[in-house]
1. Looking at the stretch 267-279, is at least one residue more than 21 Å from residue 238 (Cα to Cα), modelled with pLDDT under 95 and either out of contact with any Leu (no Cβ under 7 Å at 6 or more places or on another chain) or open to solvent by 10 Å² or more (accessible area, probe 1.4 Å) (or both)?
2. Determine if the stretch 236-255 includes at least one residue that is part of a helix (DSSP H, G or I) and open to solvent by less than 20 Å² (accessible area, probe 1.4 Å).
3. Anything in the stretch 167-183 that is in a helix (DSSP H, G or I) and surrounded by 24 or more Cβ atoms within 10 Å (Cβ to Cβ)? List them, or say none.
4. Could you list, in sequence order, all residues of the stretch 113-152 that are in contact with a Gly (Cβ under 6 Å, 6 or more places away or on another chain) and in a loop (DSSP other than H, G, I, E, B)?
5. Can you say whether residue 290 is over 26 Å from residue 222 (Cα atoms), modelled with pLDDT of 90 or more and of a type outside the set (Gly, Ala, Ser), as far as the supplied structure shows?
6. Check off (1) open to solvent by less than 100 Å² (accessible area, probe 1.4 Å); (2) out of contact with any Leu (no Cβ under 7 Å at 6 or more places or on another chain); (3) at pLDDT 70 or above for residue 63 and give me the number that stays unchecked.
7. Looking at (1) assigned to a helix (DSSP H, G or I); (2) modelled with pLDDT of 95 or more; (3) small (Gly, Ala, Ser), which is the only condition residue 376 fails?
8. Check off (1) of a type in the set (A, V, I, L, M, F, W, C); (2) surrounded by fewer than 24 Cβ atoms within 10 Å (Cβ to Cβ); (3) under 21 Å from residue 332 (Cβ atoms) for residue 186 and give me the number that stays unchecked.
Amino acid sequence: MAVIGQFLSSIPWWAYPLVFLALLAIRDISQKKHTIQHNFPVVGHLRYFIESIGPELRQYIVANNREELPFNRRQRSWIYASSKKENNFQGFGTDQDIYSSGYTFIKPALLPYKLPSGHPNIANPYICPSAKVIGEYHNRRQPYLPKSIINISGMSFGSLSAPAIESLNIGADKFGCYHNTGEGGVSAYHKKGADVVVNIGTAYFGVRDDNGNFVMEKLIKLCQDNPCIKMIELKLSQGAKPGKGGVLPATKLTQELAEIRHVPLGKDVISPASHSAFSNIPEMVDFIEKMAEATGLPVGIKSAVGKLEMWEELADLMKKTGKGPDFINIDGGEGGTGAAPPSFADHVSLPFVYGFSSVYKIFQKRDLNDKITFIGAGKLGLPDKAVMAFAMGVDVINVAREAMMSIGCIQAQVCHNNTCPTGVATQNKWLQSGIDPALKSERLYNYMKTMTKEILELSHACGYEHPCQFMMDDVDVAMGDTNKTQSLRSTYQYQKTPVKFEGFQKLLDSPYLGGKNAH
């Protein structure tokens, strides 16, 4: 040993890197898997390294403030600053191309709405309930009036980490919005105080038998044991991958997740593309009515939009029978928080403005719009986008990625790899350990407050007390070239059905606010 040690100590330090590089070169030349490394030994590795950090280089160095997708740096900065109670203003005017096709203009009134003495928003500028009671028209036993027009969209425990779900729920409780579970089922992290909307997808996680079939008794018990559950959402499809089921790889499946979802360990968890509990529109409506009757809760549907024939059939059936979903959640094709094949995420289903306007007009023709609450999702978590959605007929907005960013997501776009560097979208315990729910829940709370306050301020600037009062003529769209601008009404060829609104205080006095009273 002494001889070996003496020999090694006699070798100069710079020889070790040379030996390593020589061995690496031999390895590169002898392998055939990577042509670049074979043809350019050693230096070929730089290509893969630079490619691996390419997104970060573009995100922080190369791209300008308005270039990145899905959320550019300016949008992310506003969310981050709002969540941290930092300065979220901008100086020296807009840096956007306001003449570009598709640019939206919100039209202010000559004299803005002035809050009268004693108005609730004077004492609290962050409260704004929905203007519609969900489930009242169908006489559900427990109608629900959302305490907030902005709420948390469906993101499953499994796709998101436990500390992330817990942070969202605690923040939602503090602010007063509801928290949609996503199709992964109700976990302990969803029970930190917020109102909960149970999302039931094609795999029926948490309310299924060993073969993946829906079990009504489990849903009834779930709702009875958890009074925080205020609504049920039947997910038909989602914006990122409509017509395709989700996959939770076996490597991400923990014992806790398996118990919540009622699935076996060691296997990929695959959600079917279609429901087994029904196969056509009449059967779906019957299924909705059975869940509503069994639980007493409002039941709605969530879907992306493509072909319209079945939407027409649903509207006709609802008009004829007086039965059907209490709310309709339209998810735009630009949405998506988890993993999806690029062909689906990029090309399948319509963007929100096209999808929502198409569906809204179908129900409007049957005089059903005042009987349904419309929920919108798909990159609507910024004040200007929200106002546009309200003007088009949306009653409530769900936010997903914006909520994720408020608790730390940096748009690394590795949700599908289980390597989320911020711990938000991973089951890696080490990466999760960086999330402090006490701090992150406060960040979500701050974002929700700022978002609501700015929507209300935009409403007041346009002469309205509540965003439900926005109409299609209040927002213009730049058409490009020499077409100048035209209103949303001219662009999408309909006028929103006016929402019955009798004042802010009446909403706050509603016996159904937060689902606190039942029939």
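The values are calculated or read from the model by the stated rules, or taken from the named source; none is laboratory data. None of these values were measured; they are calculated from a predicted model. Note: ideal-geometry Cβ built from the backbone for every residue, glycine included; neighbour counts use all protein chains shown. The area values use the complete protein model at the heavy-atom level, side chains included, leaving out ligands, DNA and RNA. Shrake-Rupley method; radii C 1.70, N 1.55, O 1.52, S 1.80 Å.
1. Yes: one or more hits.
2. Yes.
3. Within the stretch 167-183, 167, 168, 169, 171, 172, 175 qualify.
4. Hits for the stretch 113-152 are 113, 141, 142, 143, 147.
5. Taking the combined requirement at face value, the residue does not satisfy it.
6. Every listed condition holds for residue 63 apart from (3).
7. So residue 376 meets the others, but not (1).
8. Of everything listed in (1) of a type in the set (A, V, I, L, M, F, W, C); (2) surrounded by fewer than 24 Cβ atoms within 10 Å (Cβ to Cβ); (3) under 21 Å from residue 332 (Cβ atoms), residue 186 misses just condition (3).
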